[in-house]
Amino acid sequence: MMANYVATKKIEALENRVKKLEEQVARLNRLISPSDAADLFEPSFEPTLKPQFGRRPKLDREHLRIQYEDLSRMLEAYWKALRPIFRKRLPKEKLKEELQTVFQRSGPTLGNYRSLANHLIEHSDVIYEFIRTPRFGDDPEKLAAALAGVPNISWSTSLKLCRSNTGV
């Protein structure tokens, strides 16, 4: 008799947990950007971490990975429009204007990528520096890796960290 009561309580607890998880998934489906997903989950436990010695990192590796994946998807989607702009080797001001024009023309189709497009426009000076280096190689993945950590870290550090995490 007591075993049935305990089993019933455990089943109720599991059903409540499944309900909460389903609500979180429903909220995730309505997100504007995949990088916002981290804000929705409330951890049910706090992992015990050993104290880290030395300098604190300027950017969380998980945030860098998410930003890299989002930028990579966005650049792949708009690469046909962006590639000719990057190949022209325009001056900084003109590059920023061209990026604004591309994303203004995209208008409503920009959707989830609007904040990423603003990130590209805002940091067009970093793009200008990066596309003039041999590291660029006309590759959207490398551009995404270089811009993922900007402005918290330099494009070269961002590229290095993304390469070590994802193999770009």
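The values are calculated or read from the model by the stated rules, or taken from the named source; none is laboratory data. Remember, predicted model here, so these are calculated numbers, not experimental data. Virtual Cβ from ideal backbone geometry, glycine too; neighbours counted across all protein chains shown.
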*What is the one condition in (1) modelled with pLDDT under 85; (2) on the phi < 0 side of the Ramachandran plot that ASP70 does not satisfy?*
(1)
*Among the residues of the stretch 67-108, write down those that are over 19 Å from the mean Cα position of the chain (by Cα) and of a type in the set (S, T, N, Q).*
GLN100, THR101, GLN104, SER106
*Out of all the residues in the stretch 101-119, which are among the hydrophobic types (A, V, I, L, M, F, W, C) and either without any contact (Cβ under 8 Å) to a residue 40 or more places away in the chain or loosely packed, with under 10 Cβ neighbours inside 10 Å (or both)?*
VAL102, PHE103, LEU110
_Residues located in the stretch 106-157, provided they are closer than 17 Å to ARG89 by Cβ, hydroxyl-bearing (Ser, Thr, Tyr) and part of a helix (DSSP H, G or I)_ = SER124, TYR128
*Is at least one residue of the stretch 38-45 modelled with pLDDT of 75 or more and either in a loop (DSSP other than H, G, I, E, B) or of a type in the set (Gly, Ala, Ser) (or both)?*
no
*When you look at LYS9, is it at pLDDT 85 or above and of a type in the set (Lys, Arg), yes or no?*
no
*Could you check, for the stretch 139-147, whether at least one of its residues is under 17 Å from ASP60 (Cβ atoms) and either small (Gly, Ala, Ser) or surrounded by 15 or more Cβ atoms within 10 Å (Cβ to Cβ) (or both)?*
yes
